[in-house]
Amino acid sequence: MRYDAILFDVYGTLIDIRTDERRASLWMRLARFLRYQGVPAEPQILRGLFFTAARASQHTSAERFPEVDLLATWGVLLGELGYRGPDEVLL
């Protein structure tokens, strides 16, 4: 029998992804990177915008148990911060 594809649920099946989006040092580093790129960003504001946009991406999904659309989330977040450049530069 030939298989064209095999799919896995990677959340705990093959690997255990442990992220802590609430850690302050993460937002400090991201804000520093964005400021270096010319995007005005403060850690606390960046964090708040991220979680607001992430929740919005889930609420607008037609899925019963939606994942966060991170590309859309960061696109909204960067727009809120005033970034108007090409997406591929920062995403």
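Bear in mind these aren't lab numbers, they're just calculated from the coordinates by the rules spelled out. Just so you know, these numbers come straight off a predicted model, no measurement behind them. Positions of Cβ are generated from backbone atoms using ideal geometry, with glycine treated the same way; all protein chains shown enter the neighbour counts.
Summary table
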| quantity | calculated |
| --- | --- |
| M28/E63 FRET efficiency (R0 35 Å; Cβ-Cβ; nearest 0.05) | 0.60 |
| Extension gain (nm, one decimal) between T19 and R2, 0.36 nm per residue minus Cα-Cα | 2.5 nm |
| Coordinate range along principal axes, alpha carbons of the stretch 24-81, Å, largest first | 38, 21, 13 |
| Cβ-placed point charges (K, R +1; D, E -1), dipole of the stretch 24-81 about Cα centre in debye, nearest 20 | 220 |
